[in-house]
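Here's the structure we're looking at; comments come further down.
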Amino acid sequence: NRRKKKDDNILEIPSIPNPFPELCCSPFASVLSASLLPKATSRKKQVIKVYSEDDSSRALEVPSDITARDVCQLLILKNHYIDDHSWTLFEQLAHTGLGRAIEDHELVMEVQSSWVMEEENKLYFRKNYAKYEFFKNPLSFFPDHMISFPSEISAAVSHSGILQMFLSSSTYPEIHGYLHAKEQGKKAWKKMYFLLRRSGLYFSTKGTSKEPRHLQFFCEFSNSDMYMSLTGKKVSGAPTNYGFCFKPNKSGGTRDLKQLCADDEQSRTCWMTAIRLLKYGMQLYQNYMQPYQGRSGCSPLNVTRMVCLTAVPLINTLFLPSCYFLVTCVSYTTVLILQIFACANPCQNIWGSQVKTCFKNIFIPIAIHRSQSWFHHKISREEAQRLILQHGLVDGVFLVRDSQSNPKTFVLSLSHGLKIKHFQIVPLEDDGKLFYTLDDGHTRFTDLIQLVEFYQLNKGVLPCKLKHYCARIAL
């Protein structure tokens with residue numbers, strides 16, 4: 001017992017710290033203690049699943065505090081996409097037919113925490129060209145008949161000044177107009193006069209009266225998210241296809257949804273943009289002004305100008321031997337077949353001065369346009385409109401598709417003025433040669449690539465130039 005008591009006394013004596021810990025460590029071990037390591041290493045990680053337009057998916061192990069912008073950046077780097085600051089993480093609620101673009105600063109795990117386990121909700125990775133377009137072109141987003149200013153502002157406010165008022169804490173412009181609202185627990189929709197103010201969204205119980213005694217509170221936005229209706233009239237029985245709603249953060253059912261419906265796309269875009277600015281304010285401006293730096297910084301247009309020749313194997317498309325390549329000149333759409341002779345350096349085979357090559361001009365219209373990202377094979381008019389709407393109703397968003405009414409023709413679907421317009425591309429035969437035209441033969445093109453490139457540089461008969469194409473990406 002005495003020996004045991006003596007040993008206990010020895011254990012109570014504090015140990016003397018080693019003044020030279022690095023001399024006692026393995027040469028392969030780090031001399032840093034756990035307390036000196038960055039806190040980021042202790043963050044919990046979770047697995048999320050992200051889908052693309054073709055329903056391919058990718059599982060990612062990410063930290064629990066990752067933002068939507070960080071997820072987009074990770075997928076851009078992993079898939080070697082060009083970052084033009086329009087990539088977006090999109091939340092789609094399968095049961096209610098709702099969807100929204102997640103803001104760049106939002107935490108992805110917080111978004112998923114509001115999902116109901118039984119529902120098959122998804123995260124999509126796609127482009128949204130309209131995400132910050134209102135900072136560049138506010139005129140298209142805030143029509144004069146829907147916006148009014150405080151009485152103390154007598155002078156006319158420019159459209160650039162409108163955004164400054166939205167982001168200011170002292171003044172705020174008022175958005176007003178008619179909306180269809182669905183009454184709680186009822187199937188009926190009622191058209192009422194609504195007003196958006198800093199304190200929330202209100203509707204008038206007496207016509208267009210703005211008197212306080214006639215205004216009734218409808219919704220505030222701090223504890224709810226705004227969604228766009230993806231199913232139109234089918235699920236909710238809305239009077240138009242331009243629906244949107246507010247869903248409480250912790251609610252998964254439809255009974256707590258506050259559903260609204262606008263008469264046209266311009267009206268819905270104005271309401272939803274103003275509510276985004278009201279809810280997030282300067283955070284949206286910071287997201288827009290501080291994109292990721294240090295990457296390529298090349299837009300698709302710059303890449304198109306920089307690339308001269310693109311070589312892709314034609315083994316599977318034209319059933320040619322492996323020594324043949326299709327070389328497409330982006331600027332002039334010249335198609336050549338190169339027969340490459342055996343050599344130790346493949347690059348020298350193509351570009352070396354000592355290599356013998358055999359050029360043969362050929363015309364392969366089907367193989368050309370079907371390989372382009374903007375071409376969509378055999379999709380319907382409704383599907384084309386859905387794709388363009390998902391990419392954002394910005395002037396110049398387009399795609400080319402097969403015509404369903406006439407199998408020999410094609411259709412150019414284009415967004416302009418918050419509307420989607422369709423233009424038929426007609427094939428013409430002249431002197432045994434096939435041409436394509438949009439203007440009854442006044443301007444002719446030998447293939448669809450040449451046609452698209454022309455209207456990317458010239459408006460021609462179109463209402464605007466072709467700027468952004470809708471592409472089905474794969475993860």
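The values are calculated or read from the model by the stated rules, or taken from the named source; none is laboratory data. This structure is a prediction, so every number in the text was calculated from the model and none was measured. Methodologically, a virtual Cβ is constructed for each residue, glycine included, from the backbone with ideal geometry; neighbour enumeration extends over all protein chains shown. Surface accessibility is based on the protein's heavy atoms, side chains included, excluding ligands, DNA and RNA. Shrake-Rupley method; radii C 1.70, N 1.55, O 1.52, S 1.80 Å.
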Inset, instruction - Determine ³J(HN,Hα), in whole Hz, for all residues of the range 232-246 in sequence, where each value follows from phi through the Karplus function 6.51 cos²θ - 1.76 cosθ + 1.60 and θ = phi - 60°; x replaces Gly and Pro. - result: x, 7, 5, 7, 9, x, 5, x, 9, 8, 10, x, 8, 7, 10
Inset, instruction - Any chance you could check the Cα centroid distance between the range 196-234 and the range 84-153 for me, in angstrom? - result: 18 Å
Inset, instruction - For 166, 149, write out the residues from largest to smallest accessible area, computed with a 1.4 angstrom probe and no ligands counted. - result: 149, 166
Legend entry - Approximate spin-label separation residue 386-residue 223, in nm, with each point projected 7 Å along Cα-to-Cβ: 3.5 nm
Legend entry - 3J(HN,Hα) from dihedral phi, the range 259-276, Karplus parametrisation 6.51/-1.76/1.60, rounded to Hz, x for glycine, proline: 9, 10, 8, 9, 7, 8, 5, 4, 5, 4, 4, 5, 4, 5, 5, 5, 5, 4
Legend entry - Projected label distance in nm at residue 422 and residue 256, using a 7 Å step from Cα toward the beta-carbon: 4.1 nm
Inset, instruction - Quote to one decimal, in nm, the extra length available between residue 43 and residue 290 on full extension: 0.36 nm per residue of separation minus the C-alpha distance between them. - result: 86.4 nm
Legend entry - Ranking by accessible area, most exposed first, for 90, 246 with a 1.4 Å probe: 90, 246
Inset, instruction - Give me the accessible area of residue 136, 1.4 Å probe, in Å² rounded to the nearest 10. - result: 130 Å²
Legend entry - Accessible area in the full protein assembly, largest first, 1.4 Å probe, for 426, 452: 426, 452
Legend entry - Amide N proximity, the range 422-461 versus residue 136 label position 7 Å along Cα-to-Cβ, cut-off under 16 Å: 456-457
Legend entry - Global geometry of the range 45-127, whether rounded, prolate or oblate, following the gyration tensor of its Cα atoms and the 1.5 cut on a/c: prolate
Inset, instruction - Describe numerically, in nm with one decimal, the distance between label points set 7 Å from Cα along Cα→Cβ at residue 117 and at residue 431. - result: 7.3 nm
Inset, instruction - Please give the solvent-accessible surface of residue 199 in Å², to the nearest 10, using a probe radius of 1.4 Å with every protein chain present. - result: 70 Å²
Legend entry - Of 378/433; 187/247; 136/247; 421/467; 187/421, pairs whose Cα-Cα distance is over 22 Å: 378/433; 136/247; 187/421
Legend entry - Percent carbon-and-sulfur accessible area, the range 45-127, ignoring ligands, DNA and RNA, probe 1.4 Å: 48 percent
Legend entry - Sites matching GluC sites (Glu not before Pro) across the range 175-279 that sit in DSSP coil, with at most 13 neighbouring C-beta atoms within 10 Å: 183, 220
Legend entry - Heavy atoms of residue 374: accessible area, 1.4 Å probe, square angstrom to 10: 20 Å²
